[in-house]
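What follows draws every value from the coordinates through simple rules; no lab data is involved. Remember, predicted model here, so these are calculated numbers, not experimental data. Cβ: placed from backbone, ideal geometry, glycine included. Neighbour counts: every protein chain shown.
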Amino acid sequence: MAFSESEILNALTEYGFRPAYRSSAVTVLVHPEQPGLEVRVGTTQAVIERDGREIYRASHREFDINRALTMFASERSRES
């Protein structure tokens, strides 16, 4: 399923992510309950990092919100 940049941002915002930085090329989102987790949504792809380590990258065309949320959960459980 293909998503637009705004659809990806809206989906992540629904799960508690908040914008930390915006420009015409990229929006950086963070989650207040998950320090070190950062999502960059650019004009063509989304990248998720935990403490500077990439854990997920997908083009907007291939972005899967369920897979992204699974990655968040698995990274969170590693911290516990």
**Proxy reagent accessibility, fewest Cβ within 10 Å first, across Val26, Val41** = Val26, Val41
**Message:** If I stretch the segment between Ala25 and Met71 completely, what's the gain in nm (0.36 nm per residue apart, minus their alpha carbon distance), one decimal?
**Reply:** 14.1 nm
**Request:** Compute the acute angle (0 to 90°) between the alpha-carbon long axis of helix 5-14 and the principal axis of greatest extent of the alpha-carbon atoms of the chain; round to the nearest 10°.
**Result:** 30
**Asked** What fraction of the Cα pairs in the chain, stated in percent, has a spacing above 23 angstrom?
**Response** 11
**Prompt:** With +1 on each Lys and Arg Cβ and -1 on each Asp and Glu Cβ, how big is the dipole of the chain about its Cα centre, in debye rounded to the nearest 20?
**Reply:** 80
**Item:** Rounded to 10°, Cα long-axis angle of helix 65-79 versus longest principal axis of the chain
**Value:** 20
